Amino acid sequence: MTDFQTGTPATTPPNGQGEATFVAALLQATLSARRVTAMVSLLYDGPQVWAYAVSLGLGEDPRRVEALGPALALAAGADSARVARDAGRLLIEIPKPPDKRAVLRPDKLEALTAPSVTAIPLGLAAGGRPVWFDLADERTCHVIIGGTTGSGKTVTLHWLLTRLLLQNGPDTLRVLALDPKRGELAPFAHVPHLLHPITSNPVDVARVLTWVEGELDRRAATNTRRPRLVVILEEVADVLKTTPTAGDLLARIAQIGRALGVHLVATTQQPGAKSLGDALANFPARLLGRVASATLTYGAAGRARTMADQLLGRGDFLLITADGTTRLQVPMMTGRQYRSLPRADQVDTLDSDLPSVALFADLARDSRGGQGRRELGPAEYARIDQALADGATADDLRGEFGIGWDRARRLQAGYRGRA
């Protein structure tokens, strides 16, 4: 920090003044030196960030303060300063010195009364208010949790899932957990809400997602929306690389799932269109932790000037929705929260209902030229698989699915070859 009278670094606040108050004075002096009429006051002493409220003089443009981020950071002796708007207020967010940072304990959030069983207290905003996240809200019905290693993705996912499980019984909420990393969701392996054991194998991931697509059709046909179904997908970008059909499945689930009580919660290191494709457009919410560099920030956030590369990790996140961007601190779970999870002696399984779709999917997706060479989607080749299991001939396939006879014969041969 800099002493404005001497121009030399001020390592400690003068006259026993608290450090947070001392920083407020430095920020005030910086704005005054730039002829910005404003009053700066400490609003919230958070676990990792000091948040200062800026009361602007009549007619002052808040963009003048927003443009002074680097100068404000330099005055406070910090690596960065984020100027943001939160709940109608203008805030300056200054990271605390590393030795003064702490994680947020869950106790404060656990004491809050949820407005509904689908709403969870996700964390505390930089201004100190609780941030509620509601799956029933169209703005947060599907969410991607992104960020580099150490940003807190897994902790955030665990907190969100734990609160949902504690607020909802298995009769009103069911979960499908897809975990290619094999272990990130292990604490939830025995909760009674699971509709199927935690799935890791890429072939089984494709089968489960195809089942979910079929479940959407069943719910639409029967006008059913209960129980709510939450599909958890760890490292979605890796799944899309190993299982190309997953992209179409996720896009359709995200597009129509909310109206039918089906929700997606996915994690990835880089939640951009390049890695997630068409599915990303139908995720209305992103929870973004620290990203690797400033150049990756726009693609990860989907909007400019979020400074996601300056987040501090350990649960320091941005919640990005159509309503705006909110910085929040997500709590770090302890053993007590994990021990509070409900436990079932035996987990349900969908094995008898899962389609065998991955073993000859390449034939079904063959879209080369010629009669009937259109690409078939996952739901169609699941139906082909069932038709062949019921004894359908190549002529049956040609008539029912509108494909050429040669292609139908090859599909039949491929089915017999794996039987």
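The values are calculated or read from the model by the stated rules, or taken from the named source; none is laboratory data. Just so it is clear, the model here is predicted, and its values are computed rather than measured. Cβ placement follows ideal geometry from the backbone for every residue including glycine, while neighbour counts extend to all protein chains displayed.
Out of Arg258, Arg339, Arg286, report the one residue that is more than 12 Å from the chain's Cα centre (by Cα), closer than 30 Å to Val103 by Cα and modelled with pLDDT of 90 or more.
Answer to the selection: Arg339.
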- Query: Would you call Val117 among the hydrophobic types (A, V, I, L, M, F, W, C) and under 29 Å from Ala81 (Cβ atoms)?
  - Reply: no
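Could you tell me which residue of segment 207-264 is surrounded by the fewest Cβ atoms within 10 Å (Cβ to Cβ), considering only residues that are under 16 Å from Leu173 (Cα atoms) and either of a type in the set (Lys, Arg) or free of Cβ contacts under 8 Å to residues at least 12 places away in the same chain (or both)? Please lay out each step first, then the result.
Going residue by residue through segment 207-264, those that are under 16 Å from Leu173 (Cα atoms) are 212, 215-216, 219, 224-232, 257-264.
Next, from what is left, pick out any that are either of a type in the set (Lys, Arg) or free of Cβ contacts under 8 Å to residues at least 12 places away in the same chain (or both): 219, 225-226, 228, 258.
Working: Arg219: 19, Arg225: 14, Arg226: 12, Arg228: 19, Arg258: 21.
Ranking the candidates gives Arg226 first.
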- Which numbered condition Ala300 misses (of (1) surrounded by fewer than 23 Cβ atoms within 10 Å (Cβ to Cβ); (2) hydrophobic (A, V, I, L, M, F, W, C); (3) in contact (Cβ under 8 Å) with a residue 24 or more places away in the chain): (1)
- Note on the structure: Given (1) within 28 Å of Arg290 (Cβ to Cβ); (2) in contact with a strand residue (DSSP E or B) (Cβ under 9 Å, 6 or more places away or on another chain); (3) not in a loop (DSSP other than H, G, I, E, B); (4) not acidic (Asp, Glu), Leu176 misses just (1)
- Message: Any residue in segment 113-133 that is in the same structural domain as Asp323 (by TED's automatic domain parsing) sitting within a Cβ distance under 7 Å of a residue that is of a type in the set (S, T, N, Q) and surrounded by 16 or more Cβ atoms within 10 Å (Cβ to Cβ)? List the pairs, counting only those 6 or more apart or interchain.
- Response: Val117/Asn168; Gly123/Gln329; Leu124/Gln329; Ala125/Thr326; Val131/Thr326; Phe133/Thr140
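Where residues in segment 388-409 are of a type in the set (D, E, K, R) and within 19 Å of Pro355 (Cβ to Cβ), which of them is modelled with the highest pLDDT? So that I can check it myself, show each step before the final result.
First pass over segment 388-409, keeping only residues of a type in the set (D, E, K, R): 390, 395-396, 398, 400, 406-407, 409.
Within this subset, residues satisfying the condition of being within 19 Å of Pro355 (Cβ to Cβ) are 390, 396, 400.
Details: Asp390: 82, Asp396: 87, Glu400: 83.
So, considering only residues that are of a type in the set (D, E, K, R) and within 19 Å of Pro355 (Cβ to Cβ), the one modelled with the highest pLDDT is Asp396.
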- Item | Residue match in segment 185-194 (condition: surrounded by 16 or more Cβ atoms within 10 Å (Cβ to Cβ), assigned to a helix (DSSP H, G or I) and in contact with a Phe, Trp or Tyr (Cβ under 6 Å, 6 or more places away or on another chain)) | yes
- Message: Yes or no: segment 222-231 includes at least one residue that is out of contact with any strand residue (DSSP E or B) (no Cβ under 6 Å at 6 or more places or on another chain), closer than 25 Å to Arg343 by Cβ and among the polar types (S, T, N, Q).
- Response: no
